[in-house]
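The values are calculated or read from the model by the stated rules, or taken from the named source; none is laboratory data. Remember, it's a predicted structure, so these values are computed and weren't measured experimentally. Glycine also receives a Cβ, built like all others from the backbone with ideal geometry; neighbour counts cover every protein chain displayed. Ligands, DNA and RNA are stripped out before the accessible areas are found, and what is left, the full protein with its side chains, is counted by its heavy atoms. Shrake-Rupley method; radii C 1.70, N 1.55, O 1.52, S 1.80 Å.
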Amino acid sequence: MKRAGQRVVVGTEAPHTSQTSKKQKTSSYASVFGDSALCTSMDWGSLPHHVILRVFQFLTLVDRARASSVCRRWNEVFHIPDLWRRFEFELSQPATSYLKSTHPDLIQQIIKRHADHLQYVSFKVDSSTESAEAACDILSQLVNCSIKTLGLISTAKPSFMNVSKAHFASALTVVFVNSKSLSSIKIDDTPVDDPSLKVLVANNSDTLKLLKMSSCPHVSPAGILCVADQCHGLKELALNYYILSDELLLALSSEKHVDLEHLRIDVVSENPGQVEFHTIKKQSWDALVKHSPKVNIVMYFFLYEDEFDVFFREETPVTHLYFGRAVSKALLGRIGINCPRLIELVVCANGLQPLDAELIQIAQRCKNLTAMGLGECEVTCRGFVEFVKMCGGRLTQLSIMEEVLIPDSDYSLDRLHLEVSKHLGRMWFPDMMPTW
């Protein structure tokens, strides 16, 4: 009875006001995304192309493909060239890999509709030869491409090396010939050869700026020299030591060549005593640094102790040194004398002889040193503090395992961290070995 007596007032302006407010909210996508009721009634197909495109750019390829089936408008955006300029093909065998392989139907759609849109392309393959061969098959079909960057990545063992050299070279040649504007190529651990590099140079010499090709056994010193002679815009180069030569350094130092920014050199030996390492003349290094005074020269060493004899006998302008195997005190002593440009030094192992004198000499001579890492080595706490004191706050990275440091009468490990922190100007602790 009371309900019947209640008076319900309905204002004549309310429907108009409500409709106006709804239109205002509908016109604002920010309001739409914040109002779940409006989300259900919103015509998502009316979103502008640039909004859909922005959303698609945050989606994985699978989710993007699913979203393209929502409506015709979204499918149109799915094929906009901007979405296909950057693409990574993942190729794997389901039984042997954790990678989610790009679906074959999608690969064919990309080749058919978007090959000429691809600009930044990489291939990530597992350890199987079948996946590497599939990557080569795709490369062979990119006849209308305009690729700017190309990367071939093996996630486990270098599977591209199991592909026949003829098949790989043929596939790579298709891209080299048709792209005409390649600026960055990463083809480490592949069977690329000298003739392939000549094709690269003939078609992309004006645009090539970065070339990474470590562990490419079919490339000779003459092959890489051809690249340096003609690609005058090359700024970054990564290669194995066996193809480094005085002629190459001089070519990179010519007046026509731009300043080199980054030179990475891998020095690798799998069979001790089986490889004879040649010497690079000091004059060649000097020419490179004179031409490119800011160049970073990075060297990764994976050698046995008795194979270091030819290195660092003369001044070497290396800036970053990484040793993956044990090195001798004598070698570290030569580094302290002959590597004045050194910025970073990482030593995996040394042995059971304290490195106090060698570290102090490095601190004295290497005035640009800002990063140091020591693994299975030994340094007395007194020697380590002296090293840090000489380097001071310029040591922005200092990674030392606690087991490296030998307590002495001057410093315990507890006092050591306080003393080192004082000289660095920040809190510092040695690294701890995980206990799992």
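Would the range 263-392 count as rounded, prolate or oblate if I go by the C-alpha gyration tensor, calling it rounded below 1.5 in a/c and otherwise prolate when a/b exceeds b/c, oblate otherwise? Judged from the Cα gyration tensor, the range 263-392 comes out oblate (a/c at least 1.5, b/c at or above a/b).
Taking a cut-off of 19 Å between Cα atoms, list the lysines near Lys100, but don't count ones fewer than 8 places away on the same chain. Candidates past the 8-residue exclusion: Lys124, Lys157.
Each of Leu288, Gly425, Ala65 was scored by the projection of its Cα onto the charge dipole of the chain, and the greatest displacement toward the positive side belongs to Ala65; charges sit on the C-beta of Lys, Arg, Asp and Glu. What residue among Gly425, Gly233, Gly223 has the largest mean-square fluctuation in a Gaussian network model of the chain, using Cα springs under 10 Å? Looking only at Gly425, Gly233, Gly223, the biggest GNM fluctuation is shown by Gly425.
For Arg72 and Glu236, calculate 0.36 nm times their separation in residues minus their Cα-Cα distance, and state this gained length in nm to one decimal.
Roughly 54.6 nm would be gained on extension.
With runs of 4+ DSSP H residues as the only contributors, calculate the mean residue ellipticity of the chain at 222 nm using -39,500 (n - 2.57) per run, divided by the residue total and rounded to the nearest 500.
Mean residue ellipticity, 222 nm, calculated: -11000 deg cm²/dmol.
Farthest toward the positive end of the dipole of the range 312-435, out of Thr316, Gly336, Ser399, is the Cα of Thr316, where the dipole comes from beta carbon charges about the Cα centre. Taking a sphere under 13 Å around the Cβ of Phe168 and counting the other residues whose Cβ falls inside, with K and R at +1 and D and E at -1, yields a net charge of -3. Give the distance, in whole Å, between the Cα centre of the range 276-331 and the Cα centre of the range 107-160. Each part reduced to its Cα centre gives a spacing of 35 Å. Sequence-ordered 3J(HN,Hα) estimates for the range 170-179 from the Karplus curve with 6.51, -1.76 and 1.60 and θ = phi - 60° stand at 5, 5, 5, 4, 4, 5, 4, 6, 8, 6 Hz, glycine and proline given as x.
Using a probe of 1.4 Å, the accessible surface attributed to Glu76 totals some 90 Å² when neighbouring protein chains are kept in position.
For the chain, a/c is not less than 1.5, where a ≥ b ≥ c are the root eigenvalues of the C-alpha gyration tensor, and a/b does not top b/c. That puts it in the oblate class. Sorting 126-136, 59-69 by their mean Cβ neighbour count within 10 Å, with the most densely packed peptide first, gives 126-136, 59-69.
For the chain, a simple Cβ point-charge model (Lys and Arg +1, Asp and Glu -1, everything else neutral) yields a dipole of about 2720 debye relative to the Cα centre.
Which entries in Lys212/Lys281; Lys148/Lys180; Lys148/Lys186 show an alpha-carbon gap greater than 20 Å?
Flagged as over cut-off: Lys212/Lys281.
Seen from Leu211, the other residues with C-beta closer than 15 Å to its C-beta sum to a net charge of -2, counting Lys and Arg as +1 and Asp and Glu as -1. Extension gain, Arg426 to Leu106, is 109.9 nm, computed as 0.36 nm per intervening residue step minus the present C-alpha separation.
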